[in-house]
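Here is the structure we will look at.
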Amino acid sequence: TAAHRKFSEGLAGVKKGGRFGYIDKTGSVVIPFHLEDGRNFCEGLAAVQQNGKWGFIKKSGSMTIQPKYKETGDFSEGLAAVSVNQKWGYIDRSGQIVVKPQFDQAAAFSSGLALVSVDKVSGHINKEGIFIWKDEKKE
């Protein structure tokens, strides 16, 4: 884990005394050092780790999506990839699952599509989780 993150959306994550928090551009602590880890803010939310699980906080520091995921991606186009029972799906900004966890890998959305893979199939899905293109790998 890096001790410092770059500034994103006006805040940067920093580590102090083994705990993680966020500062603003004046160096003032905005979110106290009570987290295990954290990532950059994307679309107003940052993935943070508490008790070994990942959730999301707002810039105010309030937990908007409780830490319950083994892994997460960052928000992009209103959705974030999350890992549930070793499968990846997507949640919206309220924490609701909108694409059920079913993929072995899942990337961030870009132009309304995300690259995913499951078994021997990879391709792009839309925000409903439907493949718009897939490539089946032959053995």
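The values are calculated or read from the model by the stated rules, or taken from the named source; none is laboratory data. Small disclaimer: the values here were computed from a predicted structure and weren't measured. A quick note on method: Cβ atoms are made from the backbone with ideal geometry, for glycine too, and the neighbour counts reach across all protein chains shown. Please note that ligands, DNA and RNA were not included when accessible areas were found on the heavy atoms of the full protein model with its side chains. Shrake-Rupley method; radii C 1.70, N 1.55, O 1.52, S 1.80 Å.
Among the residues of the stretch 89-130, write down those that are closer than 15 Å to residue 76 by Cβ and among the small types (Gly, Ala, Ser). Once the filter is applied, which keeps residues that are closer than 15 Å to residue 76 by Cβ and among the small types (Gly, Ala, Ser), the stretch 89-130 yields 89, 106, 107, 108, 110, 111, 112, 114.
Whether a residue is of a type in the set (Gly, Ala, Ser), under 30 Å from residue 135 (Cα atoms) and at pLDDT 95 or above was assessed, and residue 76 passes this test. Counted as qualifying within the stretch 14-119 are no strands (runs of 3 or more DSSP E), as none has 3 or more residues that are open to solvent by 40 Å² or more (accessible area, probe 1.4 Å), in contact with a Leu (Cβ under 8 Å, 6 or more places away or on another chain) and touching a residue at least 12 places away in the same chain (Cβ under 8 Å). Only residues that are open to solvent by 70 Å² or more (accessible area, probe 1.4 Å) and closer than 15 Å to residue 55 by Cβ were counted across the stretch 1-13, and they come to 0. Every residue in the stretch 84-139 that is of a type in the set (Ser, Thr, Tyr) and within 29 Å of residue 53 (Cβ to Cβ), please. Listed by number, the residues that qualify are 90, 94, 110, 117, 122.
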